[in-house]
Amino acid sequence: MLSAFFLSHWIASVFFQSFFHHRYAAHRMYTVTPRTEPVLHLMVPYFLLATHWWQWALLPIQWILGPIHGAIVNWCGHKYGYRNFQNGDASCNTLVFDVVTMGELFQNNHHKYPMSPDFAARWFEIDPTWQVMRILAQTRVIEIATPQRAVLRGPATATAP
């Protein structure tokens, strides 16, 4: 039970790191109303995950996980994996189904199309944050501001680093 609790904190942390810090704050890939932003950013994960009052004391740990997540993405996403595009840099796509960092390890795709809200480019790559963004856009909680561009056309040409 305790491991499920901490795993859920990790997933929530990396999702909100990807969803808010990277795709919203850094790239403005979507827009939200001023009323919606604080609710999504601060309250939703803890109302879903914190079942006792003492768990709110773990909120600082949630904030510390962001830089840890960033270090993992910047290390693994530039060292391990495969490349869909020759970008002239060391970026790689590390995982095919990236639930560990909620799509952030599709670094090669993201470096090629930095404003694309879906970091997956090939048919078998799944970006979980993009899937949530699509649902939020369909329910009009957010509005996608940048077009989806990270699509690999033609035959598979992925290369190893």
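The values are calculated or read from the model by the stated rules, or taken from the named source; none is laboratory data. Owing to the predicted nature of the structure, the values given are computational and were not obtained by experimental measurement. With ideal geometry, Cβ positions are generated from the backbone for all residues, glycine too; neighbour counts draw on all protein chains shown.
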Report task. Starting from segment 1-24, take each residue that is surrounded by fewer than 18 Cβ atoms within 10 Å (Cβ to Cβ) and list its partners that are aliphatic (A, V, I, L, M), counting only C-beta distances under 6 angstrom and pairs at least six apart or across chains. Result -> Ser8/Leu49
Report task. Pairs only if they're at least six apart or on different chains, beta carbon under 9 angstrom, first in segment 130-151 and among the charged types (D, E, K, R), second surrounded by 11 or more Cβ atoms within 10 Å (Cβ to Cβ) and part of a helix (DSSP H, G or I); list them, first residue then second. Result -> Glu143/Ala137; Arg149/Lys112
Query raised in the report: Looking only at helices (runs of 4 or more DSSP H) that fall completely inside segment 35-148, which ones have 2 or more residues that are within 17 Å of the chain's Cα centre (by Cα) and hydroxyl-bearing (Ser, Thr, Tyr)?
Result: none
**Report entry** Pairs where the first residue, in segment 43-72, is over 18 Å from Leu2 (Cβ atoms) and the second is modelled with pLDDT of 75 or more and hydroxyl-bearing (Ser, Thr, Tyr), C-beta under 8 Å, 6+ apart
**Finding:** Gly66/Ser13; His69/Ser13; His69/Thr101; Ile72/Thr101
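For every residue, the table says whether it meets (1) of a type in the set (Phe, Trp, Tyr); (2) surrounded by fewer than 21 Cβ atoms within 10 Å (Cβ to Cβ).
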| position | (1), (2) |
| --- | --- |
| Pro60 | no, yes |
| Trp63 | yes, yes |
| Ile72 | no, yes |
| Gly77 | no, no |
| Arg83 | no, no |
| Gln86 | no, yes |
| Asn93 | no, no |
| Val96 | no, yes |
| Leu105 | no, no |
Report task. From Arg149, Arg153, grab the single residue that is at pLDDT below 85, among the charged types (D, E, K, R) and closer than 25 Å to Tyr80 by Cβ. Result -> Arg149
Query raised in the report: For segment 85-115, what are the residues that are touching a residue at least 40 places away in the same chain (Cβ under 8 Å) and among the hydroxyl-bearing types (Ser, Thr, Tyr)?
Result: Thr101
